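For reference, the structure discussed in these notes is given below.
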Amino acid sequence: MKGVLICGGIGSRLKPLTEITNKSLLPVYDRPLIHHPLDVLRAAGITEIAVITGNEHMDQIAAYLGSGSKFGCAFAFKVQERAGGIAQALGLAQEFVDGDDVCAILGDNVYFDDLAPAIRSFKKGGHVFLKKVPDPERFGVAQMREGKILSIEEKPKKPKSDLAVTGCYVYDHRCFEVIRTMKPSARGELEITDVSRWYLERGELTATILKDEWIDAGTFESLHRAAVVVRERKDKRDR
């Protein structure tokens, strides 16, 4: 399985900080934010990773990550020249993935559950990670019954559940065929929710519901929250 670390977007909700650097390089207590999604991939045994980001800060991310040797990984870097959505960013990695399964993860997501068992045991289709949230309308939303996904919608005005689709997606190689034929949404983006829905319609989309905290660190408040939680967990481990 190959990894795709998506660090695109302009980070508008974190300006002026993101006028200086990519949000994935902003500090979360004692390490840059990018370490957290990278840790998820490494824990799952994924060491070949494509890093996708925009032109603005590619030089900074490439300089920080380097070849990947200091992380025990091998990195390839791809430029997303325009903000065309998560699916469009993933599509840029098709040649790199080269027919393998893929785990795509957003560079601003912080997980405290262990995702590795679900990623390692993946066989076919698609797999997503869900978390109960108080504001599901901000995310892709999955409706479930008896452990099975019934529907999945992108930022619905009236969510059918409180289960947000978090920023880690595991797909087989067919996802790239889906992305190639997709049309932009009303927002002008290729929606990753549409990729997941393609698998759902074929009865091939499964999910893990997270039990521990998950933070989408794309705002000042959530970035601060991530730092607080990381420090609290580190203090407990060090006692």
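The values are calculated or read from the model by the stated rules, or taken from the named source; none is laboratory data. Quick caveat: nothing in here was measured; it's all calculated off a predicted structure. All Cβ positions, even for glycine, are placed from backbone atoms using ideal geometry, and neighbour counts span all protein chains on display.
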Exercise for the section: Consider SER121 carefully, then state whether it is in contact (Cβ under 8 Å) with a residue 40 or more places away in the chain and either surrounded by fewer than 22 Cβ atoms within 10 Å (Cβ to Cβ) or of a type in the set (S, T, N, Q) (or both). Expected result: no
Problem - Any pair with Cβ under 8 angstrom, 6 or more apart, that starts in the range 20-31 at a residue that is at negative phi and ends at one that is surrounded by 23 or more Cβ atoms within 10 Å (Cβ to Cβ) and part of a strand (DSSP E or B) - result: ASN22/THR53; SER24/THR53; VAL28/VAL110
Problem - Long-range neighbours under 9 Å by Cβ, at least six apart or interchain, first residue in contact (Cβ under 8 Å) with a residue 12 or more places away in the chain within the range 228-239, second assigned to a helix (DSSP H, G or I) and surrounded by 12 or more Cβ atoms within 10 Å (Cβ to Cβ) - result: VAL230/HIS36
Exercise for the section: Inspect all residues belonging to the range 223-235 and state whether any of them is part of a helix (DSSP H, G or I), on the phi < 0 side of the Ramachandran plot, of a type in the set (Lys, Arg) and modelled with pLDDT under 95. Expected result: yes
Handout entry: Residue match in the range 43-57 (condition: modelled with pLDDT of 95 or more, under 18 Å from the mean Cα position of the chain (by Cα) and within 12 Å of ASP108 (Cα to Cα))
Key = no
Practice task
Starting from the range 39-66, take each residue that is in contact (Cβ under 8 Å) with a residue 60 or more places away in the chain and list its partners that are part of a loop (DSSP other than H, G, I, E, B) and of a type in the set (A, V, I, L, M), counting only C-beta distances under 7 angstrom and pairs at least six apart or across chains.
Solution key: VAL40/LEU115; ALA44/LEU115; ILE46/MET1
